[in-house]
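Below: one structure, written as structure tokens.
The values are calculated or read from the model by the stated rules, or taken from the named source; none is laboratory data. None of these values were measured; they are calculated from a predicted model. We place every Cβ from the backbone using ideal geometry, glycine too, and count neighbours over all the protein chains shown. When the accessible area is computed, the model is the full protein with side chains, heavy atoms only, and any ligands, DNA or RNA have been set aside. Shrake-Rupley method; radii C 1.70, N 1.55, O 1.52, S 1.80 Å.
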Amino acid sequence: MNMIAPEPEHLLDHKGEPLATVSMHSLPYEQVRLGLAFHEAGHAVLSMAYGMQIIDSQVVAWQSADRTISVTGNTRHVAVGVSPWRYAAQCAAGELAHVRFLKQTGLWTPELEAGCEARHDRELAIDALAQFGYRLGRGHTPPGGKSWAHIQRVADRTVALLWPHITTVAHVMDRRTLLTGNEIADLTSLTNPDLGGTQ
């Protein structure tokens, strides 16, 4: 664990706003960290399965001067020629993988599931799709578009299909902190395409 917090820009969403933090004080640090590794592995594995290039994926933990422990993560990818709805599904996959991890390990509570909510991932999907004329609704299905709930259902089925890969990547990421896209490809036998990102 680092004693120095990440650079401030690493704690901002795509709009430059601080990422929301939710307390999971009922879990020990090790379980919180592993849950975040599952979150990032969900993003990384679905992205790669959908044809995106993964640059790297990591879970980051640090302790502040007042001994407060914070955990976050980040997955960097390149998406070229990918279905917008699949892009949205990989955005949803992090939260869904985190919740599945809690359920499979017997840690799940309604409060912890609420703590997994990643609004920044949803908002990224909505804004990214809007740039290309696709409509993604938060609590409704817009004309000619899809609802976030629909995207979550699609993503949840894919997370279930790819769960062995997500589990493998999450445990290795938890041990090593950062995995490159090519390392994730080696762990899962998925293809990490070269789409012009740094590998």
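Scan the range 149-177 for residues that are open to solvent by 20 Å² or more (accessible area, probe 1.4 Å) and either closer than 20 Å to Leu96 by Cβ or at pLDDT below 95 (or both) and the total you get is 19.
Just to be sure, is Arg122 open to solvent by 80 Å² or more (accessible area, probe 1.4 Å) and not in a loop (DSSP other than H, G, I, E, B)? I'd like the intermediate steps shown before the answer.
Details: open to solvent by 80 Å² or more (accessible area, probe 1.4 Å): no; not in a loop (DSSP other than H, G, I, E, B): yes.
Criteria not met by Arg122.
Filter the range 125-141 down to the residues that are closer than 20 Å to Val78 by Cα and either open to solvent by 50 Å² or more (accessible area, probe 1.4 Å) or assigned to a loop (DSSP other than H, G, I, E, B) (or both) and list them by number. Write out each step before concluding.
Restricting attention to the range 125-141, the residues satisfying the condition of being closer than 20 Å to Val78 by Cα are 125-134.
Ala130, Gln131, Phe132, Gly133, Tyr134, listed by residue number.
In the range 145-177, which residues are farther than 24 Å from Ala125 by Cβ and not in a helix (DSSP H, G or I)? If the condition is that a residue be farther than 24 Å from Ala125 by Cβ and not in a helix (DSSP H, G or I), then Thr177 is the only one that fits. Among the residues making up the range 32-68, a single one is within 22 Å of Asp186 (Cβ to Cβ), open to solvent by 10 Å² or more (accessible area, probe 1.4 Å) and among the polar types (S, T, N, Q): Gln58.
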